[in-house]
Structures are given as structure tokens and as C-alpha cells.
Amino acid sequence: MVESAREDRRPLLVRIDGLAVAAWAVLVVLLGVYWVQQVLRGEEFQRQAENNRQRSVPITAPRGFILDRNGVVLAENEPSFSLLLDRNATKDVGASLSFVASLLGRPLPDLRHRFERGRSTYDFVPVLLDDNLSVAEVGAVEAHALEHPELVIQTTERRIYTQGPATAHLLGHLGEATPEQVAARAGRIRPGDAVGQNGAEAAYQDLLAGTSGLRTFVIDSFGREVAELDKVDPLPGNTLVLNIDLRLQKIADDYFRDKVGAAVAMDPRTGEILAFVSSPAFDPNIFTRRVSKDEWDAILQNEDHPLNNRVLQNVYSPGSVWKAFVAYAALQAGISPAERVTCHGAQTFYGRSFRCHGVHGSVDLPTALQVSCDVYFYTMGKRLGIDALADAARTFGFGRPTGFDVGPEKSGVVPDPEWSAAARKHPWYPGETISVAIGQGPVLVSALQVARAFAALANPDGALPTPHVFRMGEHVKTGDRYAYRPPPRAHVPYGPGVREAIVEGLWRVVNVPGGTAYGVRVPGLDICGKTGSVQVVAQADTKKAHLLPERLRDHGWFAGFAPRDDPKIVVVVFVEHGEHGATAAAPLGARLCEAWLRPAPPPAAPRPADVARGAAPAEAGRDGT
């Protein structure tokens, strides 16, 4: 029985031996395959591994220049030096950043922040650490090139605004693209690109930016650049030509050096903007490099808010320049320009006394405009009512954007009962109409809106042009040119004699004794215009206005056009706290008209004899040449 209990294990051992042999055979095969792949064909597979990744790096196109109408450069580019960190060439990023901080005197936290923000997915793309390096700083970095090969100097381009603050609000400036801007122009700009943030730089970003090029690299599995496969050169941006005349721009900018306000000059026939100044301004060149905290704080803490574009984005009560449009409403309603109103210096309406700035006696419409008689326009406002005044204002484009190609712009306010109910939640009171009739109260306009409206007064057909600064774009590679194509123009309808009566009054303002701007008349130019003062605070006695703090004094307006019979320029000047439009704003308006209509002759060419004696051209001119 013991014998039968024993089991025969030989078949099992045979199977185990067979499995072991099979396992060894598989292992030998695997080792053989591994040896073939790694030894016999190792170099071949290494080359394939090194060449199996391609990456493309965009090349930023040079930005197009911006010129004035006469070809004067307003914005250009100059060589600039940037410092980059090649992560493949450094063993310790922290040590490299600390070295840069000590060498260039940069705050280490700022460098770390820029490194983290500029970090790319691919290690072969260098990280921008600093830009706009001075020549001395470039030399310092290059002097340590052997011990710090990870630091790379790259030559780029920096935007330069040749006129500085004089054209700041018109041209705008560049800045790093925001996520919203990247999303809005998907495929055209990338994170980190410099794009226009406002002004013409923003409005014509696509035209100026050009088309980026592309470099295609082969990189290995460690992210190292092995070779360059292809390169597509960038296409430079287009040249942008503006309607601005730098002569007029400088005249207005110089006038506003110690003032706050806005000035705009426009061709009434075409809508071409000839001058565009908002004061105070800022230096756009500081935004083409890292803005220091002190510089940024100085801008933000400036009580006059230099970043505000007062031509487009600040709206004010129009004061007496509004009377030209109240006159239109009265004449269109059938009131005769010869009808007279007697001014005793004040008039009572709805139980309240409304003052005039003088005692004008019996005045008709042209005379009321000439002397800016408030009582006359109080009376017309009461007779017409707020709805008629609002309709006339909207006919001249108030209450909505002008369509200016470099925005954004505010619409202002043309008040009426519907506006009052919606905005203020209470009804319109008849006494408010009296104030609106002289440009006070809740009516608000921009300087550009006033310029466009006065263009409709200047144009015999009442055309309301669309203001624009774009004159021409020119492609530097192909020579293709494209000019501004204005939209269809609106027109202000004039009844018989309506425009003539208003223009007569505006002409008297400047050219007839007693006119509020008679002091700035220019013989032979036939400037037509209207001055205005805007009350900032209630004053018991306007004669004591000069005793008020400056920020409580009246604002001053002047709006006009010239010449009377063939208008070629519209000017609008607004001076905050200038007290009187006649003295604060009208002088600049007259100077702009004269500069445009009577440009200074070019310097006389020197005579050969003067050149031989070394005389300057101006000296030769005084001799009669």
C-alpha cells in the first residue's frame, strides 16, 4: 500500500525543463534584438530620434512708419538691445538671474517675474529678461560672455515717437498684448507681442504690424537646436500717412504748454483732421520700454489726468458756442432773423431771474450772436421748447459719435424729456430749457463734435463730414497705395436764408467792433466764429471770477471757420478754467486759421555771393532776395 501512494514526478520535471529552455530561448532572442537595435543600428536610430521634432519660431515684422501729410516722420523704429536667457546653456537659472541683477542693477524679483512670465513650453526658446539695454550694459554683458554663455544679446527694434507728447493722444503708444487682444486677433498676434494700445497705433494695428516671418528648427529630445530647416522673412508693416499737419500741431501744442484743454483743426470739406491736441499729454516713448514705478505714479497722480483724451473722451457744456445751433432751430421754426429782443441785462422766466453778461438793448439774431446776448437766446429757448432744441442739436450730429477713425469717443448728452425720465428718473422742468438755450445745464459735447457741427455751418450745402486722420497707406514692398474712402455724408437742411443769417452773425463776432472775438481778427481772412464761457460753479457775481481758485473758474471755448465765402479750415479750442473764450481760446483759433491759410514762405535761397561770404539764408533774405 505504501508503494501505491507514491507519485511518479518525472513527467512534471520534464515539463519544467521544457519551460526553462523556452524562457532562455526567448531571453536570448530579446537580447539579440536589443543588440541589433542598439549596437548595429544605434547610430541610425539616434539620428532619427534627433530629427523627429520640428518647431517654428515667429520673426516679428518691422512696424510701419507713421508720417504727417507732408511726409514728416512722426513714429519710426530704432535699433534696440534685449537680454535673453538660454536655459539650455545654464546649469542654475537662479544663479544666472542673480548675476544679471547685480551686473545691471535690476531688482531680482522683477527678473524672476519676467522669467516666469516669458517661460516657453520649449526649452530651446530663450526667455526675455530685459529690453532697451544701453550700450554700456550691452558691453558689460558681453564682457562676461565666457563665464555666462547663457546670456544672449539680441538686436531688436524700439518704437520712437519723434514729437514726444505733442502727438501722444493722436498716435497712442505700444504695449504688450493683453489676453483679450490676443483672442480678438487670433493668429495675427501672439502673447508678448507689442501692439497699439490706443490712438492711431491701435486703430491701424493690422496695417502697421506687417506679417511675421517664420524660422523652422530641428530640435532633439532634450530641446536643443540641431539645425535650421527653413526661414521665411517677415513682411514689414505699411507706412501710415496721416492728415495731420505738423506745423499746426506744434502751434497748438506750444499754446497749451501751460494750459489744460483741447484743440482740433479740420478741413470742413473733407473731414481731414489737420491738428489734434489734448493737454496735458504724456511722453509715449516711456511705454516703449519698462515704465518705472515712479514714472507710472507721476502719471496717475497728476491732477490734470494726462492720459485723458480731451478731444474725444471728455465732454463739457458747450457754453455760448451752442447759440449757433439754437439760432438754427429758431430760423428753421420760421422766426425771422430781423426779429428783435430787448436785453436789459437780465430776464425773468418761470419766476426766476436769468442774467446776461451785459446790457445789449434791442438786438436781432446776427447781433445777438455778435455780442453773445444771453437774453435773446433765453427768449428763443422758451419759445421753441426743449424738443425743438434737441432736434436741432441732433441734426448737427450731437448726442452720438462722429465716426472718427481713431476712437473711442463719447457720445455726449442732448437732453430732452425722454432722456430726463430715463437718466434722472424725474420729468424735465421748463426752467432747464432756459439754461440749455445758452449751452449750460445737462447738455454735454466733445470738442470733435463741435468741430464737425461747425463744418456743417461752414459748408454751403450743410455737409456733415466724417472726421478722419487716415490719409494714405503705402506698402513698402509692393508700392501699393490705398487712400481713405469716406462714408456717405449726412447733410444739415437749410431753409432759405438760414445759413446766411447764422454765418453773418459768426462773421461779426470776429470782424465787427463789439464782437466778442474782435480782438483776434486777422484782416483779410474773414474768420467766422463763436466764443463761449462755461460756468463751473454758481457765482453770485461774475465780476469776481478772477478771485476764485483756478479750478473753480469758467471754461473757455472758441469755434470757427475761415474764410467766410470759401471755408477751408474749422478750428475748435477749449481751455479748462480759462475764464473767457475770447481771451483764452480765440487767440489760438485765429493763429491756426492764419497758419493754414497763409503758410510762412520757405526760407529764401542764398545768393552765390552770400554763400561765398558765409552768410546764412535768413541774412540773405533781409537783403531783399
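The values are calculated or read from the model by the stated rules, or taken from the named source; none is laboratory data. Keep in mind that what you see is a predicted model, and the values were worked out from it rather than measured. Using ideal geometry, Cβ is built from the backbone for each residue, glycine included, and neighbour counts are taken over all protein chains shown.
General observations
- Residues satisfying the criterion are absent from region 447-465 (criterion: surrounded by fewer than 17 Cβ atoms within 10 Å (Cβ to Cβ) and touching a Gly at 6+ places or on another chain (Cβ under 9 Å)).
- Criterion: in contact with a strand residue (DSSP E or B) (Cβ under 7 Å, 6 or more places away or on another chain), among the small types (Gly, Ala, Ser) and at pLDDT below 90 - qualifying residue of Ala227, Ala262, Ala298, Ala324: Ala227
- The lone exception for Arg310 - which of (1) part of a helix (DSSP H, G or I); (2) under 36 Å from the mean Cα position of the chain (by Cα) it fails: (1)
- Scanning region 146-162 for residues that are more than 12 Å from Phe99 (Cα to Cα) and out of contact with any Lys or Arg (no Cβ under 8 Å at 6 or more places or on another chain) yields Leu146, Pro149, Val152, Ile153, Gln154, Thr155, Thr156, Ile160, Tyr161, Thr162.
- Any chance Arg106 is outside any loop (DSSP other than H, G, I, E, B) and under 20 Å from Val291 (Cα atoms): no
- Cβ-Cβ distances below 7 Å connect the following pairs, each with a first residue in region 477-496 that is surrounded by 11 or more Cβ atoms within 10 Å (Cβ to Cβ), a second residue that is among the aromatic types (Phe, Trp, Tyr) and modelled with pLDDT of 80 or more, and a separation of six or more residues or different chains: Tyr484/Phe470; Val492/Phe396.
- Filter result for Asp391 (farther than 20 Å from Val570 by Cα, surrounded by fewer than 18 Cβ atoms within 10 Å (Cβ to Cβ), of a type in the set (Asp, Glu) and touching a residue at least 12 places away in the same chain (Cβ under 8 Å)): yes
The rows are residues; the columns are (1) more than 19 Å from the chain's Cα centre (by Cα); (2) not charged (D, E, K, R).
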| residue | (1), (2) |
| --- | --- |
| Gln154 | yes, yes |
| Gly164 | no, yes |
| Leu170 | no, yes |
| His173 | no, yes |
| Glu176 | no, no |
| Arg185 | no, no |
| Asn198 | no, yes |
| Glu201 | no, no |
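- If you filter region 269-295 down to residues that are polar (S, T, N, Q), at pLDDT 85 or above and not in a strand (DSSP E or B), you find that the one that is nearest to Ser80 (Cα to Cα) is Asn285.
- Extreme residue, farthest from the chain's Cα centre (by Cα), among residues of region 238-252 that are charged (D, E, K, R) and surrounded by fewer than 22 Cβ atoms within 10 Å (Cβ to Cβ): Arg247
- Gln440 in contact with a strand residue (DSSP E or B) (Cβ under 8 Å, 6 or more places away or on another chain) and surrounded by 14 or more Cβ atoms within 10 Å (Cβ to Cβ): yes
- Residue match in region 560-581 (condition: within 26 Å of the chain's Cα centre (by Cα), assigned to a helix (DSSP H, G or I) and surrounded by fewer than 24 Cβ atoms within 10 Å (Cβ to Cβ)): no
- When Thr367, Thr379 are checked against the criterion of being within 13 Å of Ile438 (Cα to Cα), of a type in the set (S, T, N, Q) and buried (at least 18 other Cβ atoms within 10 Å of the Cβ), Thr379 stands alone in meeting it.
- Test: residue in region 323-334 that is hydroxyl-bearing (Ser, Thr, Tyr) and within 25 Å of Val572 (Cβ to Cβ): yes
- Check on Glu147, in the same structural domain as Arg87 (by TED's automatic domain parsing), loosely packed, with under 15 Cβ neighbours inside 10 Å and either modelled with pLDDT of 80 or more or part of a helix (DSSP H, G or I) (or both): yes
- Verdict on Thr531 being assigned by TED's automatic domain parsing to the domain that holds Gly399, touching a strand residue (DSSP E or B) at 6+ places or on another chain (Cβ under 9 Å), modelled with pLDDT of 95 or more and part of a loop (DSSP other than H, G, I, E, B): no
- Cross-chain or 6+ apart pairs with Cβ under 9 Å, region 284-312 first and aliphatic (A, V, I, L, M), then modelled with pLDDT under 80 and not in a helix (DSSP H, G or I): Ile286/Ser292; Ile299/Val291
- Selection of region 383-422 for residues being within 18 Å of Arg489 (Cα to Cα) and in a helix (DSSP H, G or I) yields Ala392, Ala393, Arg394, Thr395.
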